[in-house]
Structures are given as C-alpha cells and as structure tokens.
1. What is the set of long-range amide H partners of TYR133 at a cut-off below 5 Å, with H atoms built 1.01 Å from backbone N?
2. Taking a probe of 1.4 angstrom, what is the accessible area of SER337 in Å², to the nearest 10?
3. Could you list which residues have their amide H under 5 Å from that of GLY112, counting only those 5 or more apart in sequence or on another chain, with H placed in the peptide plane?
4. Return the sequence-ordered ³J(HN,Hα) values of segment 140-155 in whole Hz as given by the Karplus equation 6.51 cos²θ - 1.76 cosθ + 1.60 applied to θ = phi - 60°, using x for Gly and Pro.
5. List the pairs from LYS158/LYS190; LYS31/LYS203; LYS190/LYS374 whose alpha-carbon separation is above 20 Å, in the order I gave them.
6. Ordered by packing density, taken as the mean number of other Cβ atoms within 10 Å over each peptide's residues, highest first, how do 98-106, 170-178, 249-257 rank?
7. Tabulate in residue order the Karplus-calculated ³J(HN,Hα) for segment 286-298, using 6.51 cos²θ - 1.76 cosθ + 1.60 with θ = phi - 60°, rounded to whole Hz; enter x for Gly and Pro.
8. How do SER76, SER298, SER280 rank by accessible surface area computed with a 1.4 Å probe, from largest to smallest?
Amino acid sequence: MIKKFFFSMEGKITLENKLLHIIDLGWNKMKSNHYFYFNNSNKLQKIPSKSINLVVTSPPYPMIEMWDEIFSNFNSDIYNSLNNYEGKKAFELMHTVLSEVWEELDRVIVDGGIICINIGDATRKIGDIFELYPNHIKIVDFFINKGYSTLPCIIWRKQSNKPNKFMGSGMLPSCAYVTLEHEYILIFRKGNNRKFSPIDVTKRRESAFFWEERNNWYSDIWFDLKGISQDLLDPDTRKRSAAYPFELAYRLINMFSIMGDNVLDPFLGTGTTSLAAMCSGRNSFGYEIDPNFSNVISQRIKNVKEFQNKLIFNRLKKHLDFIQERESNGKEAKHFSERYNFPVITSQETEICLPLINKIEFFENSVIQVTYQKDCDVRLTYEQTRKIVSVPKKTKIMSIDSFI
C-alpha cells in the first residue's frame with residue numbers, strides 16, 4: 001500500500017493509503033547520447049576541448065597491489081622500484097602516470113566544470129616498512145597547482161567486518177595501526193562558478209532534487225552507500241573491476257550537473273558512470289583501456305531501462321513517505337510540484353522532472369542513444385469499495401506506485 005495525498009485549494013493535506021498506478025498522458029521526448037572508447041585515456045582524442053561539464057571517475061589506486069601490473073606496463077621503473085623496496089619512488093612514478101590523464105581532463109573540462117575523483121589511500125609493507133601512501137594528497141596537489149578551486153570533499157565510509165582489518169601488533173602498543181575504512185571523493189572546480197544560459201536555467205530547475213535528498217547527499221560523510229544498485233553487475237565482475245556503487249556516481253551526477261550535460265569517465269571499467277548518466281538524462285563519454293569490459297558494459301545497459309524506472313519511482317515514493325511523516329508531525333509543506341502535483345518543501349523543487357527511460361538504441365562504433373518519457377501524469381485509481389468523504393471541489397489528487 002502506497003501513500004496518497006488530497007490537496008485542497010488552501011493546501012491542506014490529508015494522507016491515506018491507496019492502490020495506485022501510472023497513466024501516460026503523452027510524450028515530450030528527450031534524448032541522451034553515450035559514447036564508449038576502448039583506448040588509453042591519457043589522450044582523449046575523441047573529445048573536443050572545453051566540452052565536458054562534469055567528470056566522475058575512480059582511477060587505479062597507486063600502491064594497491066592489484067594495480068601494480070597495469071602501472072608497471074606504463075613505466076617499467078615502477079616494477080623495478082617495487083622489487084628494490086623503493087616504495088616512495090614507486091608511489092611517485094604511479095602518480096606521474098595518472099597525471100597524464102589529469103592533464104587531459106584539464107583540456108576537455110569547461111570553465112566552471114566540476115571534476116569528482118573517488119580515490120582511496122593505500123597501506124602497504126615494502127621491505128620491512130609498513131606505511132600509508134596518501135593518494136588523495138597527490139591528486140589534490142596536482143589540481144591546486146593547475147589553478148583549480150578545491151571544494152569540500154566527501155568521505156565515503158566503507159566499514160569492513162573482516163576479522164583482519166586490524167593491522168599490526170594486535171593489543172600491544174605501539175606498532176598497531178588504525179583501520180583504513182574510507183575513501184575520498186575529491187571535488188574540484190575549474191575557474192569561477194558556472195554561468196547558465198536562459199535555456200540552461202530551465203533545465204537547471206528541472207534537474208532539481210528533493211530537499212531531503214539535498215540534506216543527505218551534501219553531507220561530507222556518506223555512511224549509507226550499500227551498493228543496492230549493483231543488481232546491474234554480478235559480484236565476480238565487481239570484484240575484478242573494483243567498481244564503486246552505482247549510487248555514488250548517480251548522486252554526484254545529480255549534484256553537479258544538469259540534464260543534457262556531458263559527463264566523462266576516463267576510467268570507465270564496467271560502465272557505472274555512463275549507466276548513472278543514462279539514468280539521469282545526461283550524455284556520457286567513457287574511456288576504458290581494457291576492451292574485455294565491452295561485453296560487461298553491454299550486458300548492463302540491456303537491463304538499465306527497467307532498473308532506471310524502478311529507481312525513479314523509488315525516489316518519488318521515498319519523497320511521499322517523507323512528506324507523510326512531516327505531515328503526521330504537524331509540518332505542512334507550502335509548495336507543490338508543477339509536474340507531479342505533490343508537496344515539496346521549497347520553491348526550488350516545484351519544477352523538478354525525473355524522466356523515465358523509454359527506449360535504448362545501439363548504434364555502430366559503440367554509440368548508444370537513450371530516449372526518455374519526460375512528461376507523464378500520475379493519477380489515483382479509486383478503489384471501488386472505498387468511499388471518499390469531504391474532498392473539496394477542484395482538489396488535486398496525486399499518488400505514486402513505487403513499481404518495486
């Protein structure tokens with residue numbers, strides 16, 4: 001049973017439980033395009049300068065053993081340094097490899113564009129020395145030196161239940177070490193704040209998120225990423241790719257871009273960033289050096305329509321649950337969504353639009369086009385046996401089926 005709202009002209013809300021369904025009223029087509037390149041991202045040759053609005057990515061982590069081989073393939077001195085127990089030298093050389101990609105990001109990002117990099121530090125014993133290798137500091141240094149504004153970062157807390165997460169001398173001081181159970185989402189802006197054209201102003205208002213989502217997403221520590229959206233990816237593939245949760249990319253794309261923007265991931269892996277862009281009505285560009293991921297990405301995309309529809313309906317349901325809880329505590333919302341006719345907290349949410357994927361088309365050269373149903377009305381189906389009493393005339397009635 002899903003919650004339903006009756007709105008009077010005065011804005012009074014009565015909440016009840018009803019059976020609901022979706023009714024299509026027509027089409028206002030919106031499309032996004034998605035491009036996949038299986039090449040080294042140190043040369044983003046297919047992407048014009050100053051054409052990308054947002055970068056969301058997670059590179060191979062320097063000094064994590066599973067990435068030693070790929071770094072050594074770019075520079076044999078890395079392999080030699082590790083074999084010679086020169087950890088700090090290997091660390092510097094690995095970041096030199098990554099810096100070639102960061103240079104390309106600087107070329108393709110627009111003025112006012114945002115770069116989000118998910119990175120974890122590394123702990124490792126080289127020879128007899130155990131120490132932390134602070135990957136996030138090296139990346140911050142690079143972008144500061146390029147003149148970027150460093151914005152407040154997000155710490156993604158990934159608490160582990162592994163019994164061996166405690167390192168060192170057990171219960172004996174002083175050679176025991178604290179756990180490393182978080183990663184950083186580093187956020188950089190190129191130049192000044194983005195300026196929006198009149199057309200983009202409308203798209204920006206349609207790209208709004210809910211007030212309660214803002215309060216959660218814009219926290220500096222994320223405790224709640226449980227990877228529920230990894231339905232799109234089998235566990236074995238996730239382990240091989242070290243992919244981050246879908247929700248991580250989805251939030252960042254909604255937080256730092258508007259519908260129709262261009263989103264880039266230079267370390268695409270299994271395609272999570274592009275999938276999140278599809279689900280958000282953004283265009284995407286993905287570079288991946290390993291062509292073996294092509295089939296994995298294709299398989300994930302085949303499931304994305306049903307997945308995205310459930311995702312959107314779940315967001316709407318959560319918002320209605322939130323409004324119901326506020327109303328039960330005597331807190332009445334003063335604004336209404338123009339598209340969905342349900343209460344929202346602020347005037348900035350009144351034009352919110354969560355388009356549904358309608359069609360996905362595969363073209364040659366790894367190009368995919370997604371068509372969305374932007375305008376639909378969601379109305380109540382009355383239960384024949386339920387009597388509605390004292391509903392004022394001209395009452396707007398709105399309800400959502402969660403589709404879950």
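The values are calculated or read from the model by the stated rules, or taken from the named source; none is laboratory data. Every value quoted in this text rests on a predicted model; they were computed, and no experiment measured them. Note that we place each Cβ from the backbone using ideal geometry, even for glycine, and neighbour counts take in every protein chain shown. Please note that ligands, DNA and RNA were not included when accessible areas were found on the heavy atoms of the full protein model with its side chains. Shrake-Rupley method; radii C 1.70, N 1.55, O 1.52, S 1.80 Å.
1. ALA122, THR123, ARG124
2. Its accessible surface works out to 0 Å², give or take rounding.
3. Counting only residues 5 or more places away or on other chains, the set is LYS190, GLY191, ASN192.
4. Computed from phi, the couplings for segment 140-155 are 4, 4, 4, 6, 4, 5, 7, x, 6, 7, 8, 8, x, 8, 10, 9 Hz.
5. Details: LYS158/LYS190 29 Å; LYS31/LYS203 13 Å; LYS190/LYS374 31 Å.
Where the Cα-Cα span goes over 20 Å, the pairs concerned are LYS158/LYS190; LYS190/LYS374.
6. Details: 98-106: 18.8, 170-178: 8.9, 249-257: 23.4.
Final packing ranking: 249-257, 98-106, 170-178.
7. x, 10, 9, 6, 9, x, 5, 7, 4, 5, 4, 4, 4
8. On the way: SER76 75, SER298 40, SER280 5 Å².
These residues rank, largest area first, as SER76, SER298, SER280.
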